[in-house]
Amino acid sequence: MTQLLTSPSLDAQPDHRPDHHPDHRTRHRAITLIFLIHGTVAGTLATSLPWIQSHDRLSPTALGLVLFCAPIGSFVAMPTANRVAHRIGARRATRLLILLWCALLPAPVLAGGSALLFPAYLLLGMAAGSSDVMMNAQGVALERSSGRPVMSGLHGMWCLGSLIAGGVGIVAAQAHLDPRVRLLATAAVLLVLAAYAGRGLGADAPTTGAAEPAPRRFALPTRAILGIGIAGFCGTFAEGATTSWSGVYVTKAVGAGPTVAAAAYTLFMLSMTATRLFGDTVVRRLGPVTVVRIGGIVAACGGILVVAFRSPLPCMLGLALIGTGIAMNVPLVFSAAGRKGTSLGESVAGVATVTYMSGLIAPAAIGWTAGAAGYPAAFALITVAAAALALLAGALRTRPEHVPLTPAASEPAPAG
């Protein structure tokens, strides 16, 4: 049974034997592809929502209740992911869960009725949350063993996968392709890619000596990493709320048309994707605390532009600044959790539980604020969450700033 997620000794001194651990480049490519696949599934599901609502004749309230099942499933599954890894091995768990996430992709369009959408999205949320924990744990483990920050680039590939799925959805809609056919074909392709990526993770190393104790059944965050989780919560709140409400805000508060609204959302996603893809270089130069602190200030300035100016150009610029500012928060939160906790898997699972709790809270909080005080007040709440990152960034300080993420001196040099 693997010790990757449960043994502090292996966290500090990774096994570089070639029969169990592929070289860092091979593992990096495999984990990168897994992040891309995960984002593609999420984006494909998002682009299928209009068809699902129309086909099953769902009211906005009913659709909201259906979608609410996904974060509930994630919230339940994420704290237990480390237990699964302990039983079957971390890399095997990652492979199986990403395959399950791809296989469940057609479930909503094949449900055959609105009543079956609720269990379908509950299962999707469980698969999404548990696979998210495992792939982030793999990324953090790679970062620690290679001595180089990689989490920002990995999350950038997730965003890229989501953007690719959006583009495919637009082309499929223009071609009048049945969404059931599109999701089945997409799932088949992604299953093949996921199987290929899983092979690149290599096999789990066998245990030696006494068996390690099983991790907790439900990995809530410890006091040591709670501050990191709160920073992650604020950043994910701003990210999720902006993703969900930017198009509505541009339409309702600014008075722009659907084309401008779509362009504003796309600009937000592109700015976040580009920042993540190139963010690892910035982290190496400035350190994670400085990057998150500056990002919070940039995102808050973007939120002020969105709230203060009711015209399309400043609003789009503000959304781009929000995307740029909050982009690095989630990858650096996971990286800090992996370095600070005594058990890599439990730390990542605990932080993920707090971080993604915003998926349960943000939609309702923004909707209630918009209904009670207007859309600008709702975006002011997003601005406050972004500004909080500048104050909470210190929680990510797990080692002196500007010190490279290199293995300990007692560790063997990474292979390759």
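The values are calculated or read from the model by the stated rules, or taken from the named source; none is laboratory data. Just so it is clear, the structure is predicted and the values come from calculations on it, not from any experiment. Areas reflect the complete protein model, heavy atoms only, side chains present, ligands, DNA and RNA absent. Shrake-Rupley method; radii C 1.70, N 1.55, O 1.52, S 1.80 Å.
A few notes on this one:
- Three principal axis lengths of the stretch 47-97 [C-alpha, angstrom, descending]: 43, 18, 13
- The residues of the stretch 262-382 expose, per residue, 36 Å² of accessible area to a 1.4 Å probe.
- Of the solvent-accessible surface of the stretch 221-357, computed with a 1.4 Å probe over protein heavy atoms with every protein chain present, carbon and sulfur atoms account for 72 percent.
- Surface analysis of the stretch 51-125 yields an accessible area of 43 Å² per residue, using protein heavy atoms and a 1.4 Å probe.
- Coordinate range of the alpha-carbon atoms in the stretch 46-197 per principal axis, descending: 50, 31, 24 Å.
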